[in-house]
Amino acid sequence: MDTSLSFSQRFPMQTWVSILLGATLLALPMSSTAKSVFLSLSLVAILLTPSLRKDALALFATHWGKTAILLFLIVLLACLWSPASFSDKKFMIEKYSKLLYLPFLVAGFKSAKTRKLSLHAFLLAMVITCTLSVLKFHGFLQSFNFDPDHVFRNHIMTGFMVAFAAYLSWLFAYRQQGHSRLGYVVLALLFSYQVLFVSGGRTGYVIYLLLMGILIVQLCTWRQAIAGIGLVFAIFVTSYLASPVMKGRVDGVIQQIQSYQHNQKDTDVGLRLQFHDYAHQLFNRHPIAGNGTGSFTYYFAKENPVPFWSWKLTEPHSQYWLTAAEFGLLGIAALLFFFISLFQACLRLDKMKMIAFAMLIPFMIGNLSDSLLLYSGSGYFFLLFMALCFGESLEFQKSKAK
């Protein structure tokens, strides 16, 4: 009894929550399985902590908590008029159920120490990822079978995460002094090099450019910002001219767009545009409430609108078109209300405000070309960092109430 009491005093549940959330952010860029394990354990630890559980349940009453519930309820209700199979409906419900984790994660990130630990755990994971990526790109580690473009995750998610890690590093370098500043600058340069010279992920290029622009606007006066944004574009153009990988990927997009205009549609860009067009057609059939949960997969398989694509397609590579096709204007409104409520909550933050906007704005834009909220990796990446930022607001409310 005394031993167990002594152990619980030395390692209270809040400590376990901090460790497990930090482990979740460490695992997120490197292993889906490890991320799922640590995330599940984190949620269990939060639920077993009475104060955190109480905070989490109260957060469902916030605007963003209500809109998250609303969006998930629409997914459930849309099963009633969906022609999709039970397994496809269940798959989509599971994907959207992560929205309900947000209040619990916010409660878990209430401590500033937990937020700091988790941020640096994520940066450590990105250092490991980018170091392996750069070494492989330059001819080392040939006995290991992985692509330098995406070591652990696909190139879309890897590009997004590395670009965000670069943003965090530049921001922390700005806020720190002495050796700490130098260390963050080195990290920022490593991440920037991986995005601009090693990665072939076009999403990463766009997100990096956008994040650097956001950072400059956040830190500089308007005159400085104009000069800074010009500098970012100059660096980007220089990278395009100096990096064969980036040049090949950017030129490829231009060529594929031109091919699409000449009715040669079976390219990466062309297929994506065809998927969007088909989702638009489905939306036009039932514009108010959509065709139902999982209906995009059902109708795509049944009608075969893109003969070149012979594989099962879960979504049209756009969160907005997926929502419009399956849930209609009702779903689009709920999704936009969710994002708007998050935006409003970001405005009320202090030190975490910059990071919150740096996650939210690119994520909203990224959903134009990918179903980032639906995907497990990118969806949890988004929710974990939004929760991390909103934890500051909860901490402030609790300290104010004392």
### Query
Which is on the phi < 0 side of the Ramachandran plot, in contact (Cβ under 8 Å) with a residue 12 or more places away in the chain and charged (D, E, K, R), of LYS90, LYS35?
LYS35
### Message
Please go through segment 13-56 and give me each residue that is over 24 Å from the mean Cα position of the chain (by Cα) and either part of a helix (DSSP H, G or I) or hydrophobic (A, V, I, L, M, F, W, C) (or both), ordered by number.
### Response
MET13, GLN14, THR15, TRP16, LEU47, LEU48, PRO50, SER51, LEU52, ARG53, LYS54, ASP55
### Message
For the structure I just gave you, tell me whether ASP370 is touching a residue at least 24 places away in the same chain (Cβ under 8 Å), closer than 24 Å to THR62 by Cα, among the acidic types (Asp, Glu) and not in a helix (DSSP H, G or I).
### Response
no
#### Entry: Number of the condition not met by GLU303 [criteria: (1) under 15 Å from PRO316 (Cβ atoms); (2) surrounded by 13 or more Cβ atoms within 10 Å (Cβ to Cβ)]
(2)
### Query
Hey, SER295 hits all of (1) farther than 21 Å from PRO29 by Cβ; (2) small (Gly, Ala, Ser); (3) touching a Leu at 6+ places or on another chain (Cβ under 6 Å) but one; which does it fall short on?
(3)
### Task
Determine whether PHE338 is aromatic (Phe, Trp, Tyr), surrounded by fewer than 19 Cβ atoms within 10 Å (Cβ to Cβ) and either at positive phi or at pLDDT 95 or above (or both).
no
### Query
When only residues in segment 284-300 that are under 26 Å from the mean Cα position of the chain (by Cα) and touching a residue at least 60 places away in the same chain (Cβ under 8 Å) count, which is surrounded by the fewest Cβ atoms within 10 Å (Cβ to Cβ)?
THR297
### helices (runs of 4 or more DSSP H) (entirely within segment 182-283) containing at least 1 residues that are surrounded by 20 or more Cβ atoms within 10 Å (Cβ to Cβ) and under 23 Å from the mean Cα position of the chain (by Cα)
202-219, 244-261
### Message
Please count how many residues of segment 129-150 are hydrophobic (A, V, I, L, M, F, W, C), surrounded by fewer than 21 Cβ atoms within 10 Å (Cβ to Cβ) and under 19 Å from the mean Cα position of the chain (by Cα).
### Response
0
### Query
For THR33, which of the numbered conditions (1) of a type in the set (Val, Ile, Thr); (2) modelled with pLDDT of 95 or more; (3) more than 20 Å from ALA107 (Cα to Cα) fails to hold?
(2)
### Query
Given the structure, is LEU80 in contact (Cβ under 8 Å) with a residue 60 or more places away in the chain, in a helix (DSSP H, G or I) and out of contact with any helix residue (DSSP H, G or I) (no Cβ under 9 Å at 6 or more places or on another chain)?
yes
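The values are calculated or read from the model by the stated rules, or taken from the named source; none is laboratory data. This one's a predicted model, so the numbers in the text were calculated from it and none came from an experiment. In this analysis, Cβ positions are derived from the backbone assuming ideal geometry, glycine residues included, and neighbour counts consider all displayed protein chains.
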